[in-house]
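Just below is one structure, and these are the notes that go with it.
The values are calculated or read from the model by the stated rules, or taken from the named source; none is laboratory data. For clarity, every value in this text was computed on a predicted model and none was experimentally measured. When we count neighbours, we look across all protein chains shown, and the Cβ atoms used for this are built from the backbone with ideal geometry, even at glycine. Just so you know, the surface numbers come from the protein's heavy atoms only, side chains and all, with ligands and any DNA or RNA stripped out. Shrake-Rupley method; radii C 1.70, N 1.55, O 1.52, S 1.80 Å.
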Amino acid sequence: MPEQVEGVVEGILFRREDTGFTIAVLKDAEGIPITLVGNMADITAGAELRAIGEWERHPQYGRQFRVTSYEIALPSTIEGIRKYLASGMIRGIGRTLAERLVAHFGEDTLRVIEQEPERLLEVPNIGPKRLASIRETWKEHQHLRELMLFLHSHGLPAHLAVKISRRYGEQALSVLQADPYRLAQEVYGIGFLTADALARQLGIPADSPRRLEAGAVYVLHEMCAQGHMYVPESLLVKRAAQLLAVEAPAVQDALRRLERGEQVRCEPLPNSQEERGVYPSALHYYEVSVARLLRRRLVEQRWHVLPFSSSADWDRIFRQLGQEAGLDLSQAQRQAVQTALTHPLTVLTGGPGTGKTTTVRAILRLLEKRPCRLALAAPTGRAAKRLSEVTGHPAMTIHRLLGYSPDGGFMYDERRPLPADMLIVDEASMLDVPLAYYLLCALLPETQVLFVGDADQLPPVQPGNFLRDLIDSGIAEVVSLQEIFRQAADSTIIRNAHRINRGEMPLFPKDAGDFFLFPTEEPERAAELVVELAQERIPRRFGLHPVRDIQVLCPMYKGAAGVSNLNARLQEALNPPAPGKPERSFGGFILRAGDKVMQLRNNYEKEVFNGDIGIVTDIDEDDQVIWVRMEDRLVPYDFGETDDLMLAYAISVHKSQGNEYPAVVLPLLTQHYMMLQRNLLYTAVTRAKKLVVLVGSRRAIFMAVNNARPAERYSLLKERLRGELSVPALEREPEDLGTLFLL
């Protein structure tokens, strides 16, 4: 039988931001404390609460009240108001300011903030700037409470209100009521099932055309988020029908409506009589346009040949290069230099230690004294920084090179080409098809292009596999460096990387000082070893810093030896809580000063990018800001922006692409069998500069080395580049171009 309790929230003992699960203490009218448990994301200390639920007895924590529903009101007592304002819910008001406000305005404090905010200037240390911040934050807070109440009344977690409010602002409620399925397509971290639950609460029927279309689009985008450019129609229909619990013909009808509305593009697949590929319109535009731009660049032959030709005296040029710059090149490197300087489109590929960097330095040296406008770029900030360091020439991310604006679009495009005679793109294995489109759009017809990368590494995180498709198409000049140079050959890391790439087991010689295996078959023991290595063994033996220099890479997120669990354990070991060290719970994990964190999405306003790693320096409860040192500058994150951050003591191998670390620790177990692929192990090993430590079983290593078949990515770029499929001239860009796949 449901019961009811009333009182004032004394404090919040625990809250998971990702689920809204809260443990709080309520004091009733007689001053008796009651422990409340349940999904109560919007309650704060000081609030007056009426809760309905049932009493239960926890075996460890005793008697508590499990809340099933509740009503919340703003506090009316001085003590309640003080606690409410000091709870951190209102940005800019912390404990000290809350005390001063209540001391000045008493029980009238909340009314003054809402109705006469200009009177806050009466309080010492509140100036116009802080007043404006408090007014705006109070307005946002009131709007957020309304949104939370709406979600809670429809059975959805109230904590989603923050994400929804950030996306839609004051229009959030009207958007949710008009079309809840927009959440799944437009709000990061909210999936179709959540949007569908709200839609059903609002009375939208299961066979609604909008629901069927939204479900089909959701499945399509989810699969493309795994790297596909399109999805075979039969597979898409099957998975969407399962998700929606409807028959296949209903999904097929929905796809036809989506196709008529140009939300998807469908076309017959080669070597198939009936099957079609279903593309999101944006990805179809990217793929077709990339093929069109590359084929036009080659077919029209309008490039401007730099001051070198195939008939030049290359023996003399290379002899002089060796004398003046000390760059003595192998025959393959000479071929790469000559090809890059005399062809419009060249790919230079090869494994570690094969001389790709030396080859690029030679190309740049030959161009330094000539009237050549150079552009050097890489997909990530760290890769660009490394390219600049090893070549001595300025390099930047592709987005920055093209002048990306936070408002969308690039400064350089087809109408305003990038002023460059030679473009060199490093780490091109990370280049996805959408980003390749924007890059190719911005090039002059005569710009010569050199893509440099290791095609045997993992494909890019975003859709497509541009470098591999370009190489396999045969339309570009490709030079592959195979010889391992003497200095690199002394590294067990590099020798083993090449063994792995050839399908051979890595060696663990006793005299090797840079490549080790700690054998274990047990996931729990592997996790213990990883923590022990990062905390004690590696720092003690090699003098490396446990946070700055050691990076744990994992094949998977789940499991005892996965990213999530290892981050929690490494945080506890390397950065435990301490008196005076600020910390706060966010999204089911705790952030504290000193933590190593990673940026998960490109943010051009802050100038931080997917994969950037930094250290939390402070957590300001008053202003609700987390300060993170990224490289040589401090970056502020509002508490509502923590979706962009994750702990980074351990990260996935995919997230490590384009980066290098002094030491890499890699747990590799048979429980990771779904991800045990040769290119994953190869990529992880080649991230290390000084030290690789594998933790796991030889059987798991054997499984990875012998699995040379990467996960298939559905794409027709290679066929379009070869001319096996038509490359139509698309008249206009889809309206959603870039909103889902560029960032």
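So His152 fits all but one of (1) in contact with a Ser or Thr (Cβ under 9 Å, 6 or more places away or on another chain); (2) open to solvent by less than 40 Å² (accessible area, probe 1.4 Å); what number is the exception?
With respect to (1) in contact with a Ser or Thr (Cβ under 9 Å, 6 or more places away or on another chain); (2) open to solvent by less than 40 Å² (accessible area, probe 1.4 Å), His152 is out only on (2).
Tally the residues that are modelled with pLDDT under 80 and in contact with a Ser or Thr (Cβ under 8 Å, 6 or more places away or on another chain), restricting the search to the range 134-149.
Going through the range 134-149 one residue at a time, the tally reaches 3.
So which residues in the range 364-414 are hydroxyl-bearing (Ser, Thr, Tyr), under 30 Å from Pro662 (Cα atoms) and within 27 Å of the chain's Cα centre (by Cα), if there are any at all?
Just the residues of the range 364-414 that are hydroxyl-bearing (Ser, Thr, Tyr), to begin with: 380, 388, 391, 397, 404-405, 412.
Filter once more, keeping what is under 30 Å from Pro662 (Cα atoms): 380, 388, 391, 397.
Across the range 364-414, the qualifying residues are Thr380, Ser388, Thr397.
When the residues of the range 112-123 are filtered to those that are open to solvent by 20 Å² or more (accessible area, probe 1.4 Å) and part of a helix (DSSP H, G or I), which remaining residue is farthest from Lys139 (Cα to Cα)?
The residue in question is Glu122.
Given the conditions (1) out of contact with any Lys or Arg (no Cβ under 9 Å at 6 or more places or on another chain); (2) modelled with pLDDT of 95 or more; (3) closer than 27 Å to Ala704 by Cβ; (4) not hydroxyl-bearing (Ser, Thr, Tyr), report the number of the one that Asp426 does not fulfil.
For Asp426, the failing item is (1).
Which residues, counting only those in the range 591-630, are without any contact (Cβ under 8 Å) to a residue 60 or more places away in the chain and either in a loop (DSSP other than H, G, I, E, B) or open to solvent by 30 Å² or more (accessible area, probe 1.4 Å) (or both)?
Ala593, Gly594, Asp595, Leu600, Lys606, Glu607, Thr617, Asp618, Asp620, Trp627, Arg629, listed by residue number.
Listed here are the residues, each with its yes/no results for (1) open to solvent by less than 20 Å² (accessible area, probe 1.4 Å); (2) in a strand (DSSP E or B).
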position	(1), (2)
Ala282	yes, no
Ser289	yes, no
Arg316	no, no
Ala332	no, no
Ala336	yes, no
Leu348	yes, yes
Thr354	yes, no
Arg361	no, no
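Tell me which residues, restricted to the range 363-386, are assigned to a helix (DSSP H, G or I) and either out of contact with any His (no Cβ under 8 Å at 6 or more places or on another chain) or not aliphatic (A, V, I, L, M) (or both). Please lay out each step first, then the result.
Applying the first criterion (assigned to a helix (DSSP H, G or I)) to the range 363-386 yields 363-368, 381-386.
Matches in the range 363-386: Ile363, Arg365, Leu366, Leu367, Glu368, Gly381, Arg382, Ala383, Ala384, Lys385, Arg386.
How many residues are without any contact (Cβ under 8 Å) to a residue 40 or more places away in the chain and in contact with a helix residue (DSSP H, G or I) (Cβ under 6 Å, 6 or more places away or on another chain) when one looks only at the range 207-221?
Here is the first cut: in the range 207-221, the residues without any contact (Cβ under 8 Å) to a residue 40 or more places away in the chain are 208, 210-211, 214-215, 218-219.
Now narrow it down to the ones that are in contact with a helix residue (DSSP H, G or I) (Cβ under 6 Å, 6 or more places away or on another chain): 215, 218-219.
Summing the residues that are without any contact (Cβ under 8 Å) to a residue 40 or more places away in the chain and in contact with a helix residue (DSSP H, G or I) (Cβ under 6 Å, 6 or more places away or on another chain) in the range 207-221 gives 3.
Go through the range 253-270 and give me each residue that's crowded, with 18+ Cβ neighbours inside 10 Å and either in a helix (DSSP H, G or I) or among the small types (Gly, Ala, Ser) (or both).
Selection gives Ala254, Leu255, Leu258.
Do you know which of the residues in the range 223-242 that are touching a residue at least 12 places away in the same chain (Cβ under 8 Å), of a type outside the set (A, V, I, L, M) and part of a helix (DSSP H, G or I) is nearest to Arg276 (Cα to Cα)?
Result: Glu233.
Looking at Ala161 and the list (1) surrounded by fewer than 20 Cβ atoms within 10 Å (Cβ to Cβ); (2) touching a residue at least 60 places away in the same chain (Cβ under 8 Å), which single condition is not satisfied?
Failing condition for Ala161: (1).
Just to be sure I understand, how many residues within the range 183-201 are loosely packed, with under 13 Cβ neighbours inside 10 Å and of a type outside the set (Ser, Thr, Tyr)?
Just the residues of the range 183-201 that are loosely packed, with under 13 Cβ neighbours inside 10 Å, to begin with: 188-189, 191, 193.
Adding the requirement that they be of a type outside the set (Ser, Thr, Tyr) leaves 189, 191, 193.
Final tally of qualifying residues: 3.
Being outside any loop (DSSP other than H, G, I, E, B) and either modelled with pLDDT of 90 or more or surrounded by 17 or more Cβ atoms within 10 Å (Cβ to Cβ) (or both) is the filter here, so list the residues in the range 321-330 that pass it.
The first filter runs over the range 321-330 and keeps only residues outside any loop (DSSP other than H, G, I, E, B), leaving 321-325.
Within the range 321-330, Leu321 is the sole residue that qualifies.
Name every residue in the range 410-429 that is part of a loop (DSSP other than H, G, I, E, B) and open to solvent by less than 10 Å² (accessible area, probe 1.4 Å), in order of residue number. Break it down stepwise before answering.
Our first condition is that a residue be part of a loop (DSSP other than H, G, I, E, B); within the range 410-429, this holds for 411-417, 419-421, 426-427.
Matches in the range 410-429: Ala420 only.
Touching an Asp or Glu at 6+ places or on another chain (Cβ under 9 Å), touching a residue at least 12 places away in the same chain (Cβ under 8 Å), closer than 24 Å to Asn602 by Cβ and surrounded by fewer than 23 Cβ atoms within 10 Å (Cβ to Cβ): which single residue out of Arg386, Arg365 fits that description? Quick ask: steps written out before the conclusion?
On the way: Arg365 fails: closer than 24 Å to Asn602 by Cβ.
Selected residue: Arg386, the only one of Arg386, Arg365 that is touching an Asp or Glu at 6+ places or on another chain (Cβ under 9 Å), touching a residue at least 12 places away in the same chain (Cβ under 8 Å), closer than 24 Å to Asn602 by Cβ and surrounded by fewer than 23 Cβ atoms within 10 Å (Cβ to Cβ).
Within the set of pairs 6 or more residues apart or between chains, which connect a residue that is β-branched (Val, Ile, Thr) inside the range 243-264 to a residue that is outside any helix (DSSP H, G or I) with Cβ atoms less than 6 Å apart?
Val264/Val278
Only one residue in Thr44, Thr96, Thr109 is hydroxyl-bearing (Ser, Thr, Tyr), touching a helix residue (DSSP H, G or I) at 6+ places or on another chain (Cβ under 9 Å) and surrounded by fewer than 18 Cβ atoms within 10 Å (Cβ to Cβ), so which one is that?
Numbers: Thr44 fails: surrounded by fewer than 18 Cβ atoms within 10 Å (Cβ to Cβ); Thr109 fails: surrounded by fewer than 18 Cβ atoms within 10 Å (Cβ to Cβ).
The unique qualifying residue is Thr96.
Pairs please, first residue from the range 51-71 and of a type in the set (Lys, Arg), second anywhere and open to solvent by less than 40 Å² (accessible area, probe 1.4 Å), Cβ atoms under 6 Å, 6+ apart in sequence or on different chains.
From residues that are of a type in the set (Lys, Arg), the pairs are Arg66/Val37; Arg66/Gly38; Arg66/Gly53.
Can you tell which of Val665, Val625 is among the β-branched types (Val, Ile, Thr) and modelled with pLDDT of 95 or more?
After applying the criteria, what remains is Val665.
Would you call Ala312 small (Gly, Ala, Ser) and assigned to a loop (DSSP other than H, G, I, E, B)?
Working: small (Gly, Ala, Ser): yes; assigned to a loop (DSSP other than H, G, I, E, B): yes.
Yes: the conditions hold for Ala312.
Consider the range 453-481. How many of its residues are assigned to a loop (DSSP other than H, G, I, E, B), polar (S, T, N, Q) and either at pLDDT 90 or above or in contact with a strand residue (DSSP E or B) (Cβ under 6 Å, 6 or more places away or on another chain) (or both)? Can you show your working first?
Step one: list which residues in the range 453-481 are assigned to a loop (DSSP other than H, G, I, E, B), which gives 454-465, 474-476.
Still in the running and polar (S, T, N, Q): 457, 462, 465.
Remaining after also requiring either at pLDDT 90 or above or in contact with a strand residue (DSSP E or B) (Cβ under 6 Å, 6 or more places away or on another chain) (or both): 457, 465.
Residues that pass the stated criteria total 2.
Take Gly513 and decide whether it is open to solvent by 20 Å² or more (accessible area, probe 1.4 Å), under 30 Å from Ala700 (Cα atoms) and over 30 Å from the mean Cα position of the chain (by Cα). First the steps, then the outcome.
Details: open to solvent by 20 Å² or more (accessible area, probe 1.4 Å): yes; under 30 Å from Ala700 (Cα atoms): yes; over 30 Å from the mean Cα position of the chain (by Cα): yes.
So Gly513 passes the test.
Tally the residues that are closer than 21 Å to Thr686 by Cβ, open to solvent by less than 40 Å² (accessible area, probe 1.4 Å) and touching a helix residue (DSSP H, G or I) at 6+ places or on another chain (Cβ under 7 Å), restricting the search to the range 430-458.
Initially, the range 430-458 is screened for residues closer than 21 Å to Thr686 by Cβ, giving 430-432, 450-458.
Next, only the ones that are open to solvent by less than 40 Å² (accessible area, probe 1.4 Å) stay: 430-432, 450-455, 457-458.
Subset that is touching a helix residue (DSSP H, G or I) at 6+ places or on another chain (Cβ under 7 Å): 431-432, 450-455, 457-458.
Residues in the range 430-458 being closer than 21 Å to Thr686 by Cβ, open to solvent by less than 40 Å² (accessible area, probe 1.4 Å) and touching a helix residue (DSSP H, G or I) at 6+ places or on another chain (Cβ under 7 Å): 10 in total.
Would you tally the residues in the range 124-149 being surrounded by 17 or more Cβ atoms within 10 Å (Cβ to Cβ) and farther than 20 Å from Asp623 by Cβ?
3
Give me the pairs, please: first residue somewhere in the range 20-46 and within 25 Å of Phe586 (Cα to Cα) and charged (D, E, K, R), second residue anywhere and open to solvent by 30 Å² or more (accessible area, probe 1.4 Å) and not in a loop (DSSP other than H, G, I, E, B), beta-carbon distance under 7 Å, and either six or more positions apart or on two chains.
Listed by first residue and then by second, the contacts come to Asp42/Ile72; Asp42/Arg145.
Exactly one of these conditions fails for Val653: (1) β-branched (Val, Ile, Thr); (2) open to solvent by 10 Å² or more (accessible area, probe 1.4 Å); (3) closer than 21 Å to Gln571 by Cβ. Give me its number.
It is condition (2) that Val653 fails.
In this structure, does Gly53 turn out to be open to solvent by less than 60 Å² (accessible area, probe 1.4 Å) and assigned to a strand (DSSP E or B)? Spell out how you get there, then give the answer.
Numbers: open to solvent by less than 60 Å² (accessible area, probe 1.4 Å): yes; assigned to a strand (DSSP E or B): yes.
So Gly53 fits the description; yes.
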